[in-house]
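Here the structure is laid out as structure tokens; the discussion comes afterwards.
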Amino acid sequence: MNLTKLRVFALTAEHGSLTKVANIMGKTRTSLSMALSSLEDELGVELFERTRNRLVLNDAGSALLPDCRNILNMAESLYSKAEQFRQGDSDKIRIAYDDTLASSFWRKQLVALSDEFPHVSLTVIKASSADIPTLVRENHVDLGYGLVFSSGDDPQVKVRALHRIRMMAVCSPKHELAKLTNVTSTDISAHRQIVLSHLFEEIHQDFRPISSSTMSFSNYQEVLDAVIDNLGWAIIPETLVKQELRQEHLVVVKHPNGMYFESFGEMSRPNDHAVETRQALIDGIEEGIYDLF
């Protein structure tokens, strides 16, 4: 039994005509008829009811077709994996992202990637924005997605900006800063700031707090919840605070720099060339981001 015979069986079951299958496979009708007869001899059963113009699966053919397709799919998987290794690629990809964009966005991207590359193993880490450059630089992950701030200053981390994200200094309407019409740097530094925590000692200065009193959390959603609970003020991406501002659960701090833009981007190692799976992810994320705004 060989894969060509099984492929002839599966295609004939689908199209009902050896002439059509011959056109698809680029072979003669006679050679395919011989292959199909040889498979039937090998299995000891006929697979089709033969009429003048069409081949129709009989009971045995209908019962054996699912197994045939499973074998062909397994063979395709085997060849696909072998091709990846021949090209120097592995079947694994490690991704880290922050929560600047909604979880539903990432679920959509990962489902699309999984559907397109079902044999690729994915490792996904949700990390603090401050930690992602280090995770990439130290080879803990292959790709990082998040607020890059000035990560482009690091020669060991390659940054590709995908979109500009508005950052907003916000607080609860009950907070003391909400009562001020003109907030100075002295004012905000006098109040507790809710910030992102980080695992690594080395982080960019843009992640360092302004206030001397802080409370830190590992992701922006928990930072947001703390601000809503009036535990302090914070600088949070607009993507996460728009709804809360509309519902008046938050207000923008009236500081001259209370709103500004930072880049959301992709981070990788400079000499780590993107392979097919990574490029598919990159393309999908870039298209998805534009749909968000």
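The values are calculated or read from the model by the stated rules, or taken from the named source; none is laboratory data. Here the structure is a predicted model, which means the values were calculated and not measured. Cβ placement follows ideal geometry from the backbone for every residue including glycine, while neighbour counts extend to all protein chains displayed. Heavy atoms of the whole protein, side chains included, go into the accessibility calculation; ligands, DNA and RNA do not. Shrake-Rupley method; radii C 1.70, N 1.55, O 1.52, S 1.80 Å.
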Once the Cα gyration tensor of the chain is diagonalised, semi-axes √(5λ) in Å: 59, 20, 14
Percent carbon-and-sulfur accessible area, the chain, ignoring ligands, DNA and RNA, probe 1.4 Å: 48
Positive-end residue, region 3-85 charge dipole about Cα centroid, Cβ charges, pick of 45, 28, 63: 28
Solvent-accessible area of residue 252 with every protein chain in place, 1.4 Å probe, in Å² to the nearest 10: 40
For region 3-85, projected area of the alpha-carbon convex hull averaged over all directions, nm²: 5.6
Separation in nanometres of the label points that stand 7 Å from Cα toward Cβ, at residue 164 and residue 103: 3.1
Per-residue ³J(HN,Hα) for region 115-127, Karplus 6.51 cos²θ - 1.76 cosθ + 1.60, θ = phi - 60°, Hz, x for Gly and Pro: 5, 6, 10, x, 9, 8, 8, 10, 10, 10, 10, 9, 10
Förster-model FRET efficiency, 35 Å R0, residue 176 and residue 261, C-beta, rounded to 0.05: 0.85
MRE, 222 nm, helices only [DSSP H, n ≥ 4, -39500 (n - 2.57), over the chain, to nearest 500]: -13500 deg cm²/dmol
Accessible area of region 91-292 divided out per residue, in Å², using a probe of 1.4 angstrom: 51
Most mobile of 219, 182, 58 in a GNM of the chain (Cα contacts under 10 Å): 58
At R0 = 30 Å, FRET efficiency that the Cβ-Cβ distance of residue 59 and residue 27 yields, to 0.05: 0.60
Additional length obtainable on full extension of the chain from residue 71 to residue 3, 0.36 nm per residue less Cα span: 23.6 nm
GNM result for the chain, Cα springs below 10 Å: residue of 138, 222, 49 fluctuating most strongly: 49
R0 of 45 Å, Cβ-Cβ distance residue 78-residue 248: FRET efficiency to nearest 0.05: 0.15
Exposure of residue 79 as accessible area (Å², to 10), given a probe of 1.4 Å and all protein chains: 140
